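> The structure's right below; bear with me while I get my questions together.
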Amino acid sequence: GIDPKVIADLARGDFIAEHRNVIFAGPIGTGKSHLATALAVEAARRREHVAFYRAADLVRALVEARDNRELGRIHKRLDRVELLLLDEVGFVPFDRQGGELLFGVVTQRYQRRSIIVTTNLSFGEWPKILGGDEKLTTALLDRLADNAAVITTRGRSFRMRKRAGKSTVVVADPGSGV
């Protein structure tokens, strides 16, 4: 259900030069991470600095950096990255402090650097992954979605469709009693 022209246009990378974001939203297994990674690979081929993080891993790294009084260092490193890919936003909820740290990254990059986000949640569901803080969520989404390309995927999981075409064979271990 995605217009191939939109993806081809994004693959040219103008959104990075224009400091715009891309948000892929849709059900699990519908190609969001695949498309986001393809755009990041194309950017890297053009010699753009790219970083890939699962959202939970970035928040964990930010928390650890804060605890070790090295948050400035990780912010500097992220600031050198022209395209930041945040994958799987919504799979693992953050506490309020994690949400605030993620908000800091988004705010630092706002209108200066690009972010690609993949999520299986609608924007209305985001407060539950950001510590339940409606104001923080609204502010984060306001910056993230401002002038962003929002691409919605639809359909059943590619993995489930692939699996449905195969029969599953279960082999019992003779010593297990099964």
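> Could you list, in sequence order, the residues of segment 53-65 that are open to solvent by 80 Å² or more (accessible area, probe 1.4 Å) and more than 23 Å from Ile16 (Cβ to Cβ)?
Here is the first cut: in segment 53-65, the ones open to solvent by 80 Å² or more (accessible area, probe 1.4 Å) are 54, 60, 64.
Once the filter is applied, which keeps residues that are open to solvent by 80 Å² or more (accessible area, probe 1.4 Å) and more than 23 Å from Ile16 (Cβ to Cβ), segment 53-65 yields Arg60, Glu64.
> Another one. Residues in segment 122-144: is at least one within 23 Å of Ala36 (Cα to Cα), surrounded by fewer than 14 Cβ atoms within 10 Å (Cβ to Cβ) and at pLDDT 95 or above?
Yes.
> Could you please find all residues in segment 75-101 being open to solvent by 10 Å² or more (accessible area, probe 1.4 Å) and of a type in the set (A, V, I, L, M, F, W, C)?
Val81, Phe91, Val92, Phe94, Leu101
> So which residues in segment 116-132 are under 16 Å from Ile28 (Cβ atoms) and assigned to a loop (DSSP other than H, G, I, E, B), if there are any at all? Quick ask: steps written out before the conclusion?
We begin by selecting, within segment 116-132, every residue under 16 Å from Ile28 (Cβ atoms); these are 117-122, 125, 129.
Those that are under 16 Å from Ile28 (Cβ atoms) and assigned to a loop (DSSP other than H, G, I, E, B): Asn120, Leu121, Ser122.
> Can you name the residue in segment 54-112 that is closer than 25 Å to Glu134 by Cβ and of a type in the set (S, T, N, Q) and is also modelled with the lowest pLDDT among such residues?
So the residue we want is Gln97.
> Let me ask something else about it. Starting from segment 82-106, take each residue that is assigned to a helix (DSSP H, G or I) and list its partners that are charged (D, E, K, R), counting only C-beta distances under 9 angstrom and pairs at least six apart or across chains.
Arg96/Asp133; Gln97/Arg66; Gly98/Arg60; Gly99/Asp133; Glu100/Asp133; Leu101/Arg66; Phe103/Arg143; Val106/Arg143
> Residues to consider are Ile23, Ile28, Ile7; find the one that is more than 18 Å from Phe103 (Cβ to Cβ) and touching a Ser or Thr at 6+ places or on another chain (Cβ under 8 Å). Can you show your working first?
Working: Ile23 fails: more than 18 Å from Phe103 (Cβ to Cβ); Ile7 fails: touching a Ser or Thr at 6+ places or on another chain (Cβ under 8 Å).
Of Ile23, Ile28, Ile7, the one residue that is more than 18 Å from Phe103 (Cβ to Cβ) and touching a Ser or Thr at 6+ places or on another chain (Cβ under 8 Å) is Ile28.
> So which residues in segment 31-52 are open to solvent by 50 Å² or more (accessible area, probe 1.4 Å), within 12 Å of the chain's Cα centre (by Cα) and touching a residue at least 12 places away in the same chain (Cβ under 8 Å), if there are any at all?
Thr37, Phe52 - these are the residues of segment 31-52 that are open to solvent by 50 Å² or more (accessible area, probe 1.4 Å), within 12 Å of the chain's Cα centre (by Cα) and touching a residue at least 12 places away in the same chain (Cβ under 8 Å).
The values are calculated or read from the model by the stated rules, or taken from the named source; none is laboratory data. Remember, predicted model here, so these are calculated numbers, not experimental data. Positions of Cβ are generated from backbone atoms using ideal geometry, with glycine treated the same way; all protein chains shown enter the neighbour counts. What goes into the accessible areas is simple: the full protein's heavy atoms, side chains included, and nothing from ligands, DNA or RNA. Shrake-Rupley method; radii C 1.70, N 1.55, O 1.52, S 1.80 Å.
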